[in-house]
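Take a look at the structure below.
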Amino acid sequence: MGPKEQSETLISAFCLYRTVMTDPIQVRGVRGLPLIHAGDDVAALICEREPVENGDILCVASTIYSKSKGYTKSLKEITPGERAIRLGGLNGEDPRFVQAVLDASTDIIMEHPFILSELSFGHVGVRAGVDQSNIEDGMVIFLPPEPMKAAEDLRKQILEISKKNIGTIITDTCGRSFRRGQTGNAIGWSGMTAIRDFRGDTDLFGHVLKITEEAVVDEIAGFANMVMGESNNGVPAVIFRNIPAWAGHDNLYFKGDEDITRRVLKKEWK
Ligand code: GDP
Ligand code: MN
Ligand code: MN
């Protein structure tokens, strides 16, 4: 293919792209939500403040979902065991907090300088995603134990309240390897696949893509997390409109030996 044909191919590809991407994507933080406590109906509180449309994607911070379901604990109720006392000393953390992290973990991948945990649903997170911020002093917030079900429940509740069929993502702010700074990740999702699978698709030059699986739920969660902010913004929910649909699969988490980084870290800590 000569340069002229190549540029024609590029132009026709971009025209096609434009016809697929119709309306501009809109992103809105849900403002005016109260401080959330156990028993609060998060779906209803969101719908009262911000209308949703069919096809919208609603991101909800795991923090408020967990507070609404009572996935919280007072440090006073926690008696640290031997490992929590040892790791608390090693990492300079309250052993009761460390015990909460151990309780939330199914596997400890790294002990120091911070605990890196695997959770039952496949997520790997610093301190098992247990938070001490945006809750009263002396309390901890756990990630929802079944975040996929949490996202599904929220989606169904919103369908019931608003009669609108939307997608939902439960987010959490997470650290990452190799780069400084935290970003939002999807912890649970419903009404979409986690991954947009590009394998078998061809690029602008006709090359067949062999490995590209785009973690769309994490990309959306990342933007939502930016709109939420981290401290006292008070915006724990974000609505996306006009995101084009995608197809793929839900195998977001590496399983067992697939995860090379985890294998290396586990060897280090044996
Ligand atoms: P995480 O990323 O799920 O751990 O949640 P964060 O603690 O970072 O909070 C995300 C956003 O939700 C921030 O804008 C917080 O200020 C806000 N937020 C947290 N808890 C509440 C709450 O109970 N009510 C309201 N209105 N906002 C909250
Ligand atoms: Mn968090
Ligand atoms: Mn956050």
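The values are calculated or read from the model by the stated rules, or taken from the named source; none is laboratory data. Note that the coordinates shown come from a computational prediction; the quantities given were computed from them, not determined experimentally. Because the Cβ atoms are built from the backbone with ideal geometry, glycine has one as well, and the counts that use them run over all protein chains shown.
Here is how the numbers come out for the structure above:
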quantity: Residue 183 vs. criteria farther than 19 Å from residue 243 by Cα, within 16 Å of ligand 1 (Cβ to nearest atom) and either touching a Lys or Arg at 6+ places or on another chain (Cβ under 6 Å) or among the β-branched types (Val, Ile, Thr) (or both); calculated: yes
quantity: Within segment 124-173, considering residues that are within 16 Å of ligand 3 (Cβ to nearest atom) and of a type in the set (Ser, Thr, Tyr), the one modelled with the lowest pLDDT; calculated: 133
quantity: Matching helices (runs of 4 or more DSSP H) fully within segment 62-143 where at least 1 residues are more than 15 Å from ligand 2 (Cβ to nearest atom); calculated: 82-91, 95-104
quantity: Residue among 245, 237, 194 that is among the aliphatic types (A, V, I, L, M), closer than 14 Å to residue 57 by Cα and surrounded by fewer than 20 Cβ atoms within 10 Å (Cβ to Cβ); calculated: 245
quantity: Members of segment 191-226 found to be over 14 Å from the mean Cα position of the chain (by Cα) and aliphatic (A, V, I, L, M), listed by number; calculated: 204, 208, 209, 211
quantity: Residue in segment 172-184 that is crowded, with 20+ Cβ neighbours inside 10 Å and of a type in the set (Lys, Arg) present; calculated: no
quantity: Candidate set from segment 36-80 (those that are of a type in the set (D, E, K, R) and without any contact (Cβ under 8 Å) to a residue 60 or more places away in the chain); member that is surrounded by the most Cβ atoms within 10 Å (Cβ to Cβ); calculated: 40
quantity: Yes/no for residue 130 being on the phi < 0 side of the Ramachandran plot, touching a residue at least 12 places away in the same chain (Cβ under 8 Å), β-branched (Val, Ile, Thr) and within 16 Å of ligand 1 (Cβ to nearest atom); calculated: yes
quantity: Selection count, segment 25-46, where residues are farther than 18 Å from residue 156 by Cα and among the hydrophobic types (A, V, I, L, M, F, W, C); calculated: 7
quantity: Residue check, residue 33 more than 16 Å from ligand 2 (Cβ to nearest atom) and either part of a loop (DSSP other than H, G, I, E, B) or touching a Cys at 6+ places or on another chain (Cβ under 7 Å) (or both); calculated: yes
